[in-house]
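One structure below.
The values are calculated or read from the model by the stated rules, or taken from the named source; none is laboratory data. Model, not experiment: these values are computed from the prediction. Please note: Cβ atoms are built from the backbone with ideal geometry, for glycine as well, and neighbour counts cover all protein chains shown. The protein model used for the area step is the full one, side chains on, heavy atoms only, and it has no ligands, DNA or RNA in it. Shrake-Rupley method; radii C 1.70, N 1.55, O 1.52, S 1.80 Å.
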Amino acid sequence: MRKILFLFLFAAFSACAVAQETRDPENDHVRLTLTDGSTVEGYVQTYWVDGKLFKRMNTSFTLSPAPDGNNAVSYSADNVRSIDFVKKTSASGKYDHLESHLVANPSLLKPKKTIRQFVYKEGENEVGKMYWWNGVDSQNMQLGKMNISTIYGISLAGDSVVVPFMTGNVISLNAMRIRYKKTNPELVDYVDKRVLKGGKRLWETIAAEPMLFLEICKDFFNKKNSL
């Protein structure tokens, strides 16, 4: 599920219209928990990953009370705390639950810039949590390619912001460098050296097992606390 790639951003869900007659409406049945703690139940009509020009993915969607799509209401990551699919796709239901979190989108001019969006929780350890989502692959866009890749990020203990570190199978610590330039440069240096020293073999291992990246962060804090 994590590795779904959309070849064309603006046609991400166009195939759904063709399969509308055979699609089980319960696949779109969700229960929302709003920021005020109340809950809303309904059927998703346009998904958070639907591609539209100048619209950031994973930030908003529309929901109708019934499968017919009538009286659809727009919701955003700003007023929805979490989304749960009523029909589970696995025994654990791990990937049927999304959460709204601030995601780092830093630049040199705006190092603290964040965007609130929906993400999936991948796992956690003593030093933080890991999340993933499907989003525009900015690196491929620079090469003239429009596609969607799975993006991974970590939220360290004491920091409520999710900081991306890998898009597709490409590791990039730029967001971490900017985010923690003043608050924790030692962490970035440690992780950077570990990843570079590991070479291609480690990069491929992290791409296949992203939680390893969070374990590397854990190693840093363990070494720091032991001094």
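With respect to the numbered conditions (1) open to solvent by 70 Å² or more (accessible area, probe 1.4 Å); (2) charged (D, E, K, R); (3) more than 20 Å from residue 194 (Cβ to Cβ), which one is the sole condition not fulfilled by residue 177?
(3)
What's the total number of residues in the range 188-227 that are open to solvent by 50 Å² or more (accessible area, probe 1.4 Å) and of a type in the set (Gly, Ala, Ser)?
Going through the range 188-227 one residue at a time, the tally reaches 2.
Which residue is farthest from residue 130 (Cα to Cα), if the candidates are limited to the range 81-117 and must be open to solvent by 30 Å² or more (accessible area, probe 1.4 Å) and among the β-branched types (Val, Ile, Thr)?
The selected residue is 86.
Among the residues of the range 155-166, count how many are under 11 Å from the mean Cα position of the chain (by Cα) and open to solvent by 30 Å² or more (accessible area, probe 1.4 Å).
Residues meeting the conditions: 0.
What tally of residues in the range 53-80 results from selecting those that are surrounded by fewer than 17 Cβ atoms within 10 Å (Cβ to Cβ), in a strand (DSSP E or B) and under 18 Å from the mean Cα position of the chain (by Cα)?
2
Hey, does the range 32-43 have a residue that's without any contact (Cβ under 8 Å) to a residue 12 or more places away in the chain, open to solvent by 30 Å² or more (accessible area, probe 1.4 Å), within 21 Å of residue 136 (Cα to Cα) and assigned to a loop (DSSP other than H, G, I, E, B)?
no
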